[in-house]
Every structure is written in C-alpha cells, then in structure tokens.
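Accompanying notes for the structure given below.
The values are calculated or read from the model by the stated rules, or taken from the named source; none is laboratory data. The model shown is predicted, which means the values in this text are computed figures rather than measured ones. Note that each Cβ is placed from the backbone with ideal geometry, even for glycine, and that neighbours are counted across all protein chains shown. Calculation scope for accessible area: heavy atoms of the full protein, side chains included, ligands and nucleic acids excluded. Shrake-Rupley method; radii C 1.70, N 1.55, O 1.52, S 1.80 Å.
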Amino acid sequence: MKTEINPSETSRAKAFEYWMKSPMPMVTVVKTFDVTNLCRVSKRKGMKFNMLLSWCIGKAASKVDEFLTLPEGDKLFRYDHLAINTIFNDKNGALCFCDIPYTNDLQRFNNDYISISKSAIESCQNILDEGAAIVGTSAVTGTELDCIVNQYSGIYNNPFLSWGRYRKHWFKVTLPISFQFHHVQMDGGEAAHFLEELQAAIKNVW
C-alpha cells in the first residue's frame with residue numbers, strides 16, 4: 001500500500017525542492033562486492049545465486065528507511081513494504097518482470113522467487129506488486145561488466161541494481177554492482193549506508 005505524503009514534513013524536504021524538477025535526477029554508483037559466501041551457499045544449499053543476491057538486496061534496503069519513500073510525478077509517496085523486481089525470459093523468449101515480496105525469512109523468499117517466476121514464465125505475463133516500494137534488479141550474466149548505467153525514462157524512479165558475471169579469483173569471488181537511485185529519495189550518505197549493509201548481508205547470508 002502507498003500513501004501520498006507532504007514532502008515538507010519529511011527529511012527529504014530539501015531534496016524534493018532541489019531535485020524534483022531536475023531533468024536528470026538519477027545518481028549511479030558502483031561498488032565491487034565480495035560474493036564468495038553467496039557462491040558457497042548457492043552450491044551447498046542448491047539455491048540460485050541471483051535469488052540469494054536479491055534477498056540480500058531486500059535485507060539491506062529494509063534497513064534504510066528512504067527505500068520506502070519514492071517520488072512519482074510531482075508527488076512523494078510512502079510505501080509499507082518492499083519488493084524486489086526481477087527479470088526473466090518467458091517460455092517464448094520475451095522478457096517478463098516479477099515483483100518478489102521481501103521477507104526476512106530466506107526460505108520463504110526463495111519459495112516465492114521460484115513460484116512467482118515460474119508462473120510468469122509459463123503465462124508470459126508480468127507479475128507486479130503495485131502497492132510495494134520496488135527495488136529493481138537486472139542480471140546481465142553473459143559477460144563480466146565493470147559498470148552498468150541504466151536508462152532514465154522519467155517514468156520509473158525506483159532504485160535499481162544491475163550486475164554482470166561474477167569474477168573468480170584464487171581465494172575469493174567478486175562482483176561489481178551498479179546502484180542507481182533518485183536524488184529525491186536519498187543522498188550519497190544513505191546510498192553508502194545501503195551498500196555497506198548489502199556487503200554485510202552477503203557475508204552473513206547463512
């Protein structure tokens with residue numbers, strides 16, 4: 001569920017004033033993560049790497065209050081829950097989009113991830129949660145990537161994370177992840193806090 005709020009009554013009042021009418025209000029930052037633990041858990045538990053990373057993103061976002069506030073049009077809205085948007089190829093090869101509700105229960109999130117994506121792939125229909133604060137994700141695993149700068153359409157202002165293929169080293173596995181966010185939603189400090197929380201979630205996923 002989302003509720004319109006008065007920007008002047010929030011901590012984002014100045015940001016709303018400064019950046020709401022900016023022609024390009026999106027900020028992209030990139031951090032290289034140690035994902036060794038995710039790879040180990042994925043293999044040992046038989047869980048998909050991208051599912052585990054999506055859950056870690058949700059866990060980190062749940063610790064940063066700004067993720068529940070999002071500008072739309074010329075208004076500011078507050079949401080009561082998070083969902084992670086994932087992208088798959090349906091049975092016909094076209095893209096389909098799924099919003100997986102975030103829960104702190106990893107097994108439940110995994111079950112939802114599997115069932116919702118399977119339903120979307122088979123039906124060739126997007127499964128979206130209009131009442132959730134969406135954190136977008138995109139995995140371009142056909143090659144290693146240093147950075148992805150996503151398009152800004154002016155329609156979707158939600159935060160977005162994207163990555164390529166992870167990189168194996170002698171003793172660890174790393175993955176650069178691009179994080180794009182609307183400047184009205186958060187500043188660099190909140191973004192840095194989220195990225196630190198994400199690394200912590202990855203290291204302690206199991």
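Below are the figures for this structure:
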| quantity | calculated |
| --- | --- |
| Residue that is nearest to residue 69 (Cα to Cα) [pool: residues in the stretch 139-163 that are open to solvent by less than 30 Å² (accessible area, probe 1.4 Å) and modelled with pLDDT of 95 or more] | 159 |
| Top-ranked residue in the stretch 176-205 [being over 20 Å from residue 71 (Cβ atoms) and touching a Leu at 6+ places or on another chain (Cβ under 8 Å); ranked as modelled with the lowest pLDDT] | 205 |
| Of all residues making up the stretch 64-110, the number that are farther than 21 Å from residue 184 by Cα and not β-branched (Val, Ile, Thr) | 21 |
| Unique residue being open to solvent by 40 Å² or more (accessible area, probe 1.4 Å) and among the aliphatic types (A, V, I, L, M) when the list is 116, 57, 121, 100 | 121 |
| Candidate set: the stretch 60-83, residues that are of a type in the set (A, V, I, L, M, F, W, C) and touching a helix residue (DSSP H, G or I) at 6+ places or on another chain (Cβ under 7 Å); chosen: the one surrounded by the fewest Cβ atoms within 10 Å (Cβ to Cβ) | 64 |
| In the stretch 50-64, the residues that are charged (D, E, K, R) and either at pLDDT below 95 or in a helix (DSSP H, G or I) (or both) | 59 |
| Residues located in the stretch 1-49, provided they are of a type in the set (A, V, I, L, M, F, W, C), out of contact with any strand residue (DSSP E or B) (no Cβ under 8 Å at 6 or more places or on another chain), part of a loop (DSSP other than H, G, I, E, B) and farther than 24 Å from residue 146 by Cβ | 47 |
| Cross-chain or 6+ apart pairs with Cβ under 8 Å, the stretch 44-59 first and under 12 Å from residue 199 (Cα atoms), then charged (D, E, K, R) and surrounded by 18 or more Cβ atoms within 10 Å (Cβ to Cβ) | 59/197 |
| Condition check for residue 130: farther than 21 Å from residue 20 by Cβ and out of contact with any Cys (no Cβ under 8 Å at 6 or more places or on another chain) | yes |
| Every residue from the stretch 10-48 that is of a type in the set (Gly, Ala, Ser), surrounded by fewer than 16 Cβ atoms within 10 Å (Cβ to Cβ) and closer than 22 Å to residue 69 by Cα | 11, 13, 22 |
| Hits in the stretch 151-195 - residues which are among the charged types (D, E, K, R) and without any contact (Cβ under 8 Å) to a residue 24 or more places away in the chain | 167, 168 |
